[in-house]
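Remarks on the structure that follows.
The values are calculated or read from the model by the stated rules, or taken from the named source; none is laboratory data. Please read these numbers as outputs of a predicted model, since none were measured by experiment. Note that each Cβ is placed from the backbone with ideal geometry, even for glycine, and that neighbours are counted across all protein chains shown. With ligands, DNA and RNA removed, areas are computed over all heavy atoms of the protein, side chains included. Shrake-Rupley method; radii C 1.70, N 1.55, O 1.52, S 1.80 Å.
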Amino acid sequence: MTPAYEHNGQAVSANAFYAIACDPRRHVAIEACAGAGKTWMLVSRIVRALLDGAQPQEILAITFTKRAAGEMRERLQQWLEEFSVADPVKLLDELAIRGIAAPAGAGPAAELVKKLANLYAHDLATGRQVQIRTFHGWFAALLRNAPHGVLLQLGLPPQYELLEDDSDAKAQVWRLFYAALIGKPALRADFEALVFDYGRFQTERALQAALDKRLEFGMADAAGVVNASVAHFSQQCPGFKGLTEPQEALSQSTGNLQIFRDAAVALGRASAPTFSAKGVELEHALNQASGQPDLQAALAALLTKDSTARKFGEKIAHIERVREAQALALRIQQALHQHGAWLYQQRMARLSRLLIEEFAALKRERGWVDMNDVERAASLMLSDTVLSGWLQQRLDASIRHVLVDEFQDTSPLQWQALFAWLSGYGGSGAGAAPSVFMVGDPKQSIYRFRRAEPQVFKAAKVFVQEGLGGDLLSCDHTRRNALAVVHTVNHVMQAAMRGDVAGDVYDGYRNHTTSSTQEGDVLRLPPISRSSGGLGSPELAPGAWRDTLSMPQTEAEETLKEREARQAARWIWAQVARGVLPKDILVLSRRRASLGPLHEALRALQIPSQIGEKTALI
C-alpha cells in the first residue's frame, strides 16, 4: 500500500504533508482518516506556535467534550515536560518530524533546541495556559463578557446559573405545559386532536423532539419557515383553489357531485353484483339525510383501502364516467392527505411554541441559562454588526491562533458563529487574521444528536481556501489499523459509493492505506434468525392462563438482543482464553442500550467490561 497524502489536490510526501499541517503561519483545513494523527498535528501546531513566540493564552484550541479537551491538555503538558529533559539530538528529531529542519550552523540549531527545551519552564513562569476549550465552554466565556443589553435582547437574566445538563429542566416543564393548556381552549383542542389521532405517547414524543430542537425551531419560526413548511391543500393540490376543507370539493361543487352521481348510476346498472353494490354504496353516500354527502363513504366505494382505484370491468356501460369519478376521488384523497399533514404540522407548531415558551419561563424563574442560550448568544454577538466589532477587537487582542479538532462534529450554528468572526478577515489578505487550523473526518461524525452536520466541514474547507487563502490537506493513510481491517473498510465504503447498500449513497470516499504490516482479521458472527426457536413468550394454548408471577412475557426483539449478546460474549471469552487482554477488545454498537445485555453476559463469564460514560460538553 502506498500512503495517500494530498496538498490542494496534489500528491505530496508524508514529510511535506505534516510540515504544512504543523506550520502555525498557514491557514489549513485537513480531512484525515482515523489513525492519521489528527490530534498529534493539532498539539504539534500548538508547540510550533509557542516556538514562534505566541503566548499560551493567545492560542485557542476547540474540541467537543471536556474529556477530549483534558486529553489534549495532558498531551501538550507531557510533551513540554519531556522536551525539557531531552537531549539535543532527540529535540532536533522532534523538530524535524514537525516540519522544522535544523538551521545551518551549530549556533542557530543550538538556539532552537534550547528554545524548545525551555517551553515548559516558560509555561510555568507565565502562569498562563493555552486555551483548550469545548465550543460550549468558549461560547460560555463570551457570554460572561456580554453587555447587559445582549442578555435583555435574548431574554436571559443578568445573573444566571449555567445549566450544563437540561434533562431535569425538560422533565419539569411538562407540568407547566399541561397547566397552561387548561387556560388555552384552542391549544387544548389541538392537543386533544393529536392525541386522538396519534396517541399520547407519539404526541409527547414529537413535542419532546421540538423541545430538543428548540433553538433551530425558534430560528426557523422567526424566519417564517415553520408556518410555510407544509402547504395547505388548496395551494398544493390542483383544482382545489379557494377551498378551506377537502369535503367542500363535493358539498360546494355541483359539477363534482354530478360526476359522482353519474358513476353511481353506471355502477348500479352493472350486471356483476359486487359492482352494483358499490354503486348503491356510492349513491347512499351522496344522499345523506343531513343533505351533506358522506365523503369518506363515497371514496370507499370508488377506491381501495390502499387509496388506489377499484378495478371495475370494462364491460360496464358508461365506464368512462366511473373512471372520471375515480380520478376525482384520487385527487380528493390526495387533498385529504395533504390537509391532514397540514393540520398536524400547524397543531404541532402551535403546541411546540407553547412548550418552548413555558421552558423559557421556567429557566427565567430559576435563573438558568442552557447550552442553547449560550450558542444563540455567541451567534448573535459574533454576527451583529455593532456587537461583532466590539467583540472582535477583544478577540483580536487575545487570540492569534485558532485550532478546531474533530471538525466533522461541528453544528451549523457553531460554524455560523465561528464563521461570523473569521469572515471579517476575508479579502484582506488574511494578514491580520489569527491562523486557522481545522481537522476532521466526515466519516466519523458521531454527534448528530447534538445537531452536528458533516456538510458544515465542506463549507469550512471552502472558506479556508477561498476566504483566507489557506491550504487543503487530505490524508487517507492510517498508522494503526491492520491490513484486513483497511481492506474491509475500503470494500464496504466502495459499495456505498456505488449504491450497492441500502441508504444514502456516500460520496467522496478514497481508499485508505495503512502503515501496519499485520494481516489482522475481520470476523462476522453468524446472524441469529428471528424465526428461530426461543424468541418471544412461551407458547400457550389458546385461552390458557399465564401466571404473571412466574412466567414473564418477553418481547421477541428483547430476547433476540440477549441471544446476540450471549453469542458475542462467548466469542470474546474465546479470545480472552487464548491470551487476548479484555482491555484490548473494543465493542461498538449502534445503540447504547444494546450494550447492556452484552455487559451482563460478559459479567456472567467473569470477563471485566465497562460501558463508556457520557462525556460533558464544556
* Asked: If A34 satisfies every condition in (1) surrounded by 23 or more Cβ atoms within 10 Å (Cβ to Cβ); (2) touching a Ser or Thr at 6+ places or on another chain (Cβ under 9 Å); (3) more than 17 Å from P434 (Cβ to Cβ) but one, which is the exception?
  -> (1)
* Asked: Within segment 388-401, is even one residue hydrophobic (A, V, I, L, M, F, W, C), open to solvent by 40 Å² or more (accessible area, probe 1.4 Å), modelled with pLDDT under 80 and closer than 15 Å to L60 by Cβ?
  -> yes
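Which fully enclosed strands (runs of 3 or more DSSP E) of segment 1-120 have 2 or more residues being more than 30 Å from Q518 (Cα to Cα)?
Filter on segment 1-120 gives 28-32, 59-63.
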* To do: Give the residues of segment 553-572 that are at pLDDT 60 or above and loosely packed, with under 15 Cβ neighbours inside 10 Å, sorted by residue number.
  => R570, W571
* Would you be able to tell me the number of residues in segment 125-161 that are of a type in the set (K, R) and in a loop (DSSP other than H, G, I, E, B)? => 1
* Asked: Within segment 510-535, restricting attention to residues that are of a type in the set (A, V, I, L, M) and modelled with pLDDT under 80, which residue is most open to solvent (accessible area, probe 1.4 Å)?
  -> L523
* Structure fact -> Counting only helices (runs of 4 or more DSSP H) wholly inside segment 162-235, the ones holding at least 1 residues that are surrounded by fewer than 13 Cβ atoms within 10 Å (Cβ to Cβ) and under 20 Å from the mean Cα position of the chain (by Cα) are 167-182, 200-212
* To do: Can you confirm whether segment 363-372 contains a residue that is open to solvent by 10 Å² or more (accessible area, probe 1.4 Å), at pLDDT below 90 and under 27 Å from the mean Cα position of the chain (by Cα)?
  => yes
* Evaluate the following for R98: is it closer than 26 Å to T63 by Cα, open to solvent by less than 40 Å² (accessible area, probe 1.4 Å) and basic (K, R)? => yes
* Restricting the search to segment 303-313, which residues are among the small types (G, A, S) and either open to solvent by 30 Å² or more (accessible area, probe 1.4 Å) or part of a helix (DSSP H, G or I) (or both)? -> S307, A309
* Any hit, segment 247-265, residues being surrounded by 13 or more Cβ atoms within 10 Å (Cβ to Cβ), within 19 Å of R350 (Cβ to Cβ) and of a type in the set (D, E, K, R) -> no
* Just name the residue that is surrounded by the most Cβ atoms within 10 Å (Cβ to Cβ) out of those in segment 7-31 that are under 15 Å from G440 (Cα atoms) and among the aliphatic types (A, V, I, L, M). => A21
* Can you find a residue in segment 40-51 that is open to solvent by less than 60 Å² (accessible area, probe 1.4 Å) and at pLDDT below 90? -> no
* To do: Evaluate the following for I316: is it open to solvent by less than 70 Å² (accessible area, probe 1.4 Å) and at pLDDT below 90?
  => yes
* Would you confirm whether any residue within segment 105-120 is hydrophobic (A, V, I, L, M, F, W, C), open to solvent by 70 Å² or more (accessible area, probe 1.4 Å), within 29 Å of I20 (Cβ to Cβ) and over 30 Å from the mean Cα position of the chain (by Cα)? => yes
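Go over the candidates R331, R347, R323 one by one and state the one that is open to solvent by 30 Å² or more (accessible area, probe 1.4 Å) and touching a helix residue (DSSP H, G or I) at 6+ places or on another chain (Cβ under 6 Å).
The conditions single out R347.
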